[in-house]
Amino acid sequence: IINSQSSGINAEYGHPAKAVMAGGFAGGLEIMCTFPTEYVKTQLQLDSRAVTPRYAGIGDCIQKTFKSHGFFGFYRGLSSLLYGSIPKASVRFMGYEALRNRMVDKDGKLTQVNTVLCGLGAGVMEAIVIVCPMETVKVKFIHDQNQAVPKYKGFFHGVREIVKQEGIRGTYQGLTATVLKQGSNQAIRFFVFNNLKSHFQGGDNTVEIGMARTFLCGGIAGAASVFGNTPLDVVKTRMQGLDRHLYRNTFHCAQMVLKHDGIKGFYKGTVPRLGRVVFDVAFVFMIYEKTMQVLDYVWKTD
């Protein structure tokens, strides 16, 4: 799609409507494959602040979850993410394509800075429209499972209870942290992916690099984003949990993490998150790119 040159990045026009379709398709497939690692990551982050932690580590969390709830215990809260994953990816790629189409210069090139800004804008869009309410419900579902008497019976029941008790604001807890996380996520991912792809294309953006290389570019981009913003992910998770009332705001939450857990506290759940995100981003970029190719073939647009 893009290719880096000394004066900027060559950018082909990407139709936003096609991006909605390709992004949604890729997002739906991805979440079905990666949710168990997301579940384990969230459990470990929430468990880190318990008076008596339940889990000794990743392996212990997996073992106890399977023993208590079986295989499908790893999919508790999936519905909230599944309902949101398709529109999330759709908004992300549509936002990126729309911004990129507007920010290319007269020669059709996108500067490195503008590449970052397009990714940042796409991340902010998905955070506000989809990710924050979706993630809030997901975290509340998973946290609720740890209670002696779970109160949420399912996705729609949980949403009704949250809105009934806390209003619409109850689904927008941790908005600042979510915007920071998603914005930085996509800025890093699109920047790294596009530049790696350009490297493999060797200066010709018409060259197809193949699914394996596309997957590799996406995986490296995903890993870069994990190491770049896991601290924001930790703060976001705590701000969206059932103990949200313990924190005045995002900054106060970060202060409490540092005070009680030190720097290491900001990297809770890094390993399971890394495993999920690397595959997640690699898979989504690969499916998105191939789906866009198919759409470009069957649907001709100017």
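The values are calculated or read from the model by the stated rules, or taken from the named source; none is laboratory data. In this text the structure is predicted, and so the values were computed from the model without any measurement. Positions of Cβ are generated from backbone atoms using ideal geometry, with glycine treated the same way; all protein chains shown enter the neighbour counts. The area values use the complete protein model at the heavy-atom level, side chains included, leaving out ligands, DNA and RNA. Shrake-Rupley method; radii C 1.70, N 1.55, O 1.52, S 1.80 Å.
Once segment 140-152 is narrowed to residues that are under 22 Å from Lys41 (Cα atoms) and out of contact with any helix residue (DSSP H, G or I) (no Cβ under 9 Å at 6 or more places or on another chain), the residue that is most open to solvent (accessible area, probe 1.4 Å) is Ala148. Here Glu161 fulfils each of the conditions (1) in a loop (DSSP other than H, G, I, E, B); (2) open to solvent by 20 Å² or more (accessible area, probe 1.4 Å) apart from (1). Sub-6 Å Cβ pairs linking a first residue in segment 110-126 that is assigned to a loop (DSSP other than H, G, I, E, B) to a second residue that is among the aliphatic types (A, V, I, L, M) and crowded, with 19+ Cβ neighbours inside 10 Å, at least 6 apart or interchain, number zero.
Thr37 meets each of the listed conditions (1) open to solvent by less than 40 Å² (accessible area, probe 1.4 Å); (2) at pLDDT below 90; (3) of a type in the set (S, T, N, Q) apart from (1). Against the conditions (1) without any contact (Cβ under 8 Å) to a residue 40 or more places away in the chain; (2) of a type in the set (A, V, I, L, M, F, W, C); (3) under 30 Å from Lys18 (Cβ atoms), Leu216 satisfies every one except (1). Residue count for segment 251-275 satisfying the condition of being open to solvent by 30 Å² or more (accessible area, probe 1.4 Å) and touching a residue at least 40 places away in the same chain (Cβ under 8 Å): 6.
From the list Val207, Val235, Val226, which one is of a type in the set (A, V, I, L, M), over 26 Å from Leu175 (Cβ atoms) and either in contact with a helix residue (DSSP H, G or I) (Cβ under 6 Å, 6 or more places away or on another chain) or crowded, with 17+ Cβ neighbours inside 10 Å (or both)?
Details: Val235 fails: over 26 Å from Leu175 (Cβ atoms); Val226 fails: over 26 Å from Leu175 (Cβ atoms).
None of the other options fit; the residue is Val207.
Would you pick out the residues in segment 148-158 that are in contact (Cβ under 8 Å) with a residue 40 or more places away in the chain and out of contact with any Lys or Arg (no Cβ under 7 Å at 6 or more places or on another chain)? Scanning segment 148-158 gives Gly154, Phe155. Between Leu99, Leu120, Leu82, the distinction of being within 24 Å of Gly158 (Cα to Cα) and either open to solvent by 60 Å² or more (accessible area, probe 1.4 Å) or of a type in the set (A, V, I, L, M) (or both) belongs to Leu82 only.
Within segment 34-51, the set of residues being β-branched (Val, Ile, Thr) and within 24 Å of Leu246 (Cα to Cα) comprises Val40, Thr42, Val51.
Of all the criteria given as (1) in a helix (DSSP H, G or I); (2) open to solvent by less than 50 Å² (accessible area, probe 1.4 Å); (3) at pLDDT 90 or above; (4) of a type outside the set (Val, Ile, Thr), the one not satisfied by Tyr55 is (1).
Any idea which residue in segment 123-134 is modelled with the lowest pLDDT, counting only those that are in contact with a Ser or Thr (Cβ under 8 Å, 6 or more places away or on another chain) and open to solvent by 10 Å² or more (accessible area, probe 1.4 Å)?
Kept after step one, since they are in contact with a Ser or Thr (Cβ under 8 Å, 6 or more places away or on another chain), are these residues of segment 123-134: 123, 127, 131-134.
Among the residues that remain, those that are also open to solvent by 10 Å² or more (accessible area, probe 1.4 Å) are: 133-134.
Working: Pro133: 85, Met134: 80.
The residue in question is Met134.
Taking the criterion of being under 17 Å from Lys290 (Cα atoms) and either touching a Gly at 6+ places or on another chain (Cβ under 8 Å) or in a loop (DSSP other than H, G, I, E, B) (or both), the residues of segment 187-215 that qualify are Phe190, Phe193, Asn205, Thr206, Val207, Glu208, Ile209.
Count of segment 245-281 residues, restricted to those that are assigned to a helix (DSSP H, G or I), charged (D, E, K, R) and under 21 Å from the mean Cα position of the chain (by Cα), is 3.
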